[in-house]
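All remarks here apply to the structure that follows.
The values are calculated or read from the model by the stated rules, or taken from the named source; none is laboratory data. Only a predicted model underlies this, so the values are computations on that prediction, with no experimental measurement involved. Ligands, DNA and RNA are stripped out before the accessible areas are found, and what is left, the full protein with its side chains, is counted by its heavy atoms. Shrake-Rupley method; radii C 1.70, N 1.55, O 1.52, S 1.80 Å.
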Amino acid sequence: MTHALSVVAVGLVLFYAGWLALLWRFQERIVFQPPSGPEASNGRDIPVRQVRYRTSDGLHLFAYIVGDHAPNATVMLGFHGNADLSRWLIPWATTAARETSACVVLPEYRGYDALPGTPSYAGSARDARAALDFVRAELGATPANLVYFGHSLGTAIAAELAAEAPPRVLVLQSPFSSARAMAKRMVVPGVSALWGIISRVHFDTIHRVRLLQCSVWVSHGDKDLVIPVRMGREVFAAAAHKGELLIVAGAAHNDVGIVGGEVYWDWLRRAVGEDAMAHRDRGARAETPPVP
């Protein structure tokens, strides 16, 4: 009996170790999930301008520019989620450009929409830097007129970029607190405790916003089943310089703007139009009331 139990115990340990090895090896495939579908549009049938640029490791990527750009005008870099595409954000960006008077730039990631390369944590940082370099060089963007926007996975990418090159304002829609916290939701024993060993993805938005000198604005749906609303609250609470927190009642992961309606667009207008220096030490406003 003792021998049999020992064999079972060894088998369970080996199974668990194998599972952790698989998680280490394939976790970036979980985090980055390029949707299957049509090939890259190359700007066809899309009433916006597509631009191309190169990353530091030599990949040719593209972005869409939505809205007019004038000297010293606000430029908003918008980073999409893990199973999304930049061109799918064009309807949102069109409204955002109209409502905020910002020029919205939607960068695409390597490995997405038929672009070369394999998505990864390190690659996402290179891709974000390349997009930033482009708007600096071609649109004259400076920290004084730059806004970073991110949705879902894009919130972590935007926060990482903000830690390296701070914008005027950081706007996060449906953010997760950290990669470790998301892994913990898998309800597998030991994943959180061993995260420092098995992790290949080091997103930690809470840590980033604690150190940022720009204001942080957060919106989240209270029915979000992908990233729980408590994470959005945690990110906002951790921010050293708070803008406004918008919790949209009845909104899920991908429809915060749709369900929020004018309340959402008012929130975004205030965020994009904020003079961060004037608001820096004012403290957080009261949480925006839920949408009925």
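Taken one residue at a time, the phi angles of region 239-254 give Karplus couplings (6.51, -1.76, 1.60, θ = phi - 60°) of 4, 5, 10, 8, x, 9, 9, 10, 9, 9, 5, x, 8, 9, 7, 10 Hz. Gly and Pro are set to x. Counting only protein heavy atoms and using a 1.4 Å probe, the accessible area of HIS60 comes to about 110 Å². Using a probe of 1.4 Å on the protein chains alone, the accessible area found for ARG208 is around 70 Å². Annotation: per residue accessible area for region 64-126 equals 34 Å², rounded to a whole number [probe 1.4 Å, protein chains only]. If you take the Cα centroid of region 79-135 and the Cα centroid of region 215-249, the two points sit 21 Å apart. Extension gain, ALA70 to ALA83, is 1.5 nm, computed as 0.36 nm per intervening residue step minus the present C-alpha separation. On full extension, the segment bounded by THR95 and SER56 gains 10.9 nm, given 0.36 nm per residue less the C-alpha separation.
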